[in-house]
Amino acid sequence: MAPPERRHASTPERQAAHPAPAPATASEDHASLLESAALLERLFDTVHVLIAYMDTDFRFVRVNRAYAQADGREPADFIGKSHFDLYPNDENEAIFREVLRTGTPYVVTEKPFVYPGRPERGVTYWDWSLRPVRDAQGAISGLVLALVNVTERVYARKAAEAQRRFLHDVMDVLPGLVVLISPDQYLVQYANRHFTEMLGNPKRQPCYGLLRGRDRPCKVCHCRRILETGQPAEWERTIPSGRIFHMRGYPFEGSDGSRLVLELGVDITEEKRLRNEVVTASEQERQRVGQDLHDSLGQDLTGVGYLAASLTGRLTAEGSPMAEGARQIADLLQKACNQVRTVARGLCPVEVREEGLADAVRDLAEHTREIYGIACHLECPGPVPVHDIAVATDLYRIVQEAVNNAVRHGEPERIAIGLSARDGTIALTVEDDGVGLPEELDPEAGMGLRVMRYRAQRIGGVLEASRRPEGGTRVSCIVHLPPDQDETARQPLMENAPPTADPT
């Protein structure tokens, strides 16, 4: 069988099924043009943009209603009049002539303008463009001027800038440090005048270089801790010049949504000096009394004890009934010697030598084992040299207070003391397996924590006290040694370094 004949779309049958549309008449074309013109007319007069069409002599050919209303006129008032007769302006006329000469459009934003003869309107601001219009042969036949009134936007921005300048002026007259820090990049984003006078222009330098004179991030980064916890914090900071500031840090969100930390610092150098003189004088007096007890009363009691022991021996050899009384006197003198030695050690615990701190803490652990029967030991993987006796004494007192708190309130079976140093930083921990910190501290334990925090701040350290997940309490303290000791301690930090330590 022959295949069916394929028919082309233009076959008579197909044309009959789909007849071609009838051509439009001249009247229909005219109506369509009128409808389009009416639509364009409505758009022209509805848009908020001010539009004016001018010929090459800058005479108005057509303006929309918005353009006319901006000057309090009707559109017809402009037709045939020169733009620069109505709005004389040598600068703008030069711009118009340049566009006419080169055929290159001109666009400007927020250009100021004052209405001639109407100064009460003040300065207005406009985004405007001037574009050439070409005829069928490509010659410039006119210009289209389009303007948008942005006066409110400009004044709003200027008001915001004035407010910002006012706030900056307020920050600059404050007699303390005001600084915004980006912890992720360690960059100073803003600093007030007092900061720049004390530390120089930050120029987006890392905060650890500006504030601590370091070439690497601090192991204890207060800013990171503030962002991690979302809570304000306070600490003391010594800047490279030696001035001491009491700092407060707050979480802060930048205008772009970035996470920053706002730090406020008040200079407490003189207050700190006077306070330290009082504390140091008290500590020195304690040490003097302890040394006197050890060197005078202790030695005297030791001598009397030897005499009593010798007398006891002679009386016993003679079979004297006084021998028992002499023995009791010798025993009491030995107990008195031990008590004086204990008191002297408590008053003057740290010997003035590099390893005095570690030895004193080791003695404290041994004393705790002997007196309370609690397993207490020191983990000190390497030397911890501290040249400043005041720093060593405060560190010892922190350990002593933490151990005493654990014994009195924690009911522990084990107390672990950790002490180590690296890169000019001392890391100290006291952990126990007792009942842990209560939700509400009793006044005595609370006072102990406040004293420990004060001692830590006094030597430029940070102290944290928290409940251990496995039970018990953990007290940790990180202290940056003075610059002259930064290179003296290079031993690895203990593995259970405080959580606030920054391993970077």
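Taken together, the values in this text are just the output of simple stated rules run on the coordinates, not laboratory data. Computed from a predicted structure; not experimentally measured. Here Cβ is always computed from backbone atoms with ideal geometry, including for glycine, and neighbour counts include all displayed protein chains.
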Between Ala159 and Arg62, the FRET efficiency computed from the C-beta separation at R0 = 41 Å comes out, to the nearest 0.05, as 0.65
Relative to the present Cα-Cα distance, how much length would full extension add between Ser241 and Tyr306 at 0.36 nm per residue of separation? 17.8 nm
Chain lengthening between Arg468 and Ser82 when straightened (0.36 nm per residue, less Cα-Cα): 130.4 nm
How far is it, in nm, from the label point at Asp172 to the one at Lys203 when both lie 7 Å from their Cα along the line to the Cβ? 2.0 nm
By how many nm would the segment from Glu91 to Ala136 grow when fully extended, if each residue of separation counts as 0.36 nm and the alpha-carbon distance is taken off? 13.1 nm
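Between Lys335 and Ala390, what's the calculated FRET efficiency when r is the beta-carbon distance and R0 is 41 Å? Round to 0.05.
Working from the Cβ atoms, E equals 0.80.
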Inter-site label distance for Asp71 and Asp363 at 7 Å from Cα along Cβ, in nm: 9.8 nm
On a 32 Å Cα-Cα criterion, which of the cross-link pairs Lys203/Lys272; Lys219/Lys272; Lys81/Lys111 come out too long? none
Ranked from highest to lowest mean number of other Cβ atoms within 10 Å per residue, what is the order of the peptides 246-255, 466-475? 466-475, 246-255
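So, by mean Cβ neighbours within 10 angstrom, what's the order for 216-228, 426-438, 316-328, 173-185 with the highest one leading? Kindly include the intermediate steps, with their values, before the conclusion.
Numbers: 216-228: 19.2, 426-438: 21.5, 316-328: 12.7, 173-185: 17.2.
Highest mean packing first, the order is 426-438, 216-228, 173-185, 316-328.
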Extending each Cα 7 Å along its Cβ direction at Arg314 and Val123, get the distance between those two points in nm, one decimal. 11.0 nm
